1. Looking at the stretch 165-179, which of its residues are surrounded by 14 or more Cβ atoms within 10 Å (Cβ to Cβ) and closer than 14 Å to Asp101 by Cα?
2. Six or more apart or on different chains, Cβ under 6 Å: which pairs go from a residue in the stretch 69-90 that's under 11 Å from Lys57 (Cβ atoms) and modelled with pLDDT of 95 or more to one that's open to solvent by 20 Å² or more (accessible area, probe 1.4 Å) and part of a loop (DSSP other than H, G, I, E, B)? Could you list them?
3. Scan the stretch 128-164 for residues that are more than 23 Å from the chain's Cα centre (by Cα), open to solvent by 70 Å² or more (accessible area, probe 1.4 Å) and not small (Gly, Ala, Ser) and jot them down.
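The values are calculated or read from the model by the stated rules, or taken from the named source; none is laboratory data. On a predicted model such as this, the values are computed, not experimentally measured, just so you know. Cβ sites come from the backbone with ideal geometry, for glycine too, and all protein chains shown count toward neighbours. Side chains included, ligands, DNA and RNA excluded: accessible areas come from the protein's heavy atoms. Shrake-Rupley method; radii C 1.70, N 1.55, O 1.52, S 1.80 Å.
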Amino acid sequence: MIKLFSLKQKKDGDPIKGTQKKSSAAQLRIQKDINDLSLPKTCNTDFPDPDDLLTFKLIICPDEGFYKQGRFVFNFKVGPNYPHEPPKVKCETAVYHPNIDLQGNVCLNILREDWKPVLSINSIVYGLTHLFLEPNAEDPLNKEAANVLSTNRRLFEQNVAKAMRGSYIGGTYFESCLK
């Protein structure tokens, strides 16, 4: 009889037991990942809705390399199958980069075929940061930028600087992303 009574209390919305929302595995894991986050000094996060840890922004402001003094914003959407599937990451800032296309898709192996559940948001942050320090012309999404990087490093550097100031490269306009 006691068991039936306690079940009825839960159903009727007992403020102590019945209305607490259960967290999903993805929510629990993302909470752990965010608590364990160790951001480099060139990065910070923005949670537009503090109650939604599954959707947030990462801002990267490189302090060295081709992209020094730029400000690049990435949107993270963590799905219900996290950590068994990687989050969806898109670059919101238009950038002239061999590994980021004009739609904001990012070519980073751990966001695709090399993802493993032991990886975390921290792994992705360091992977994205590394793309700005060492763009990879061998596995491009923006083939034109990759070709310029491979054949004329000086022209690539000029194109990056021009795009970051706000200008056309080829037929594409890039808004200024200087901080």
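1. Ile169, Phe174 - these are the residues of the stretch 165-179 that are surrounded by 14 or more Cβ atoms within 10 Å (Cβ to Cβ) and closer than 14 Å to Asp101 by Cα.
2. Phe72/Thr93; Val73/Glu92; Val73/Thr93; Asn75/Glu92
3. Scanning the stretch 128-164 gives Glu144, Asn147, Thr151, Arg153, Arg154, Glu157, Gln158, Lys162.
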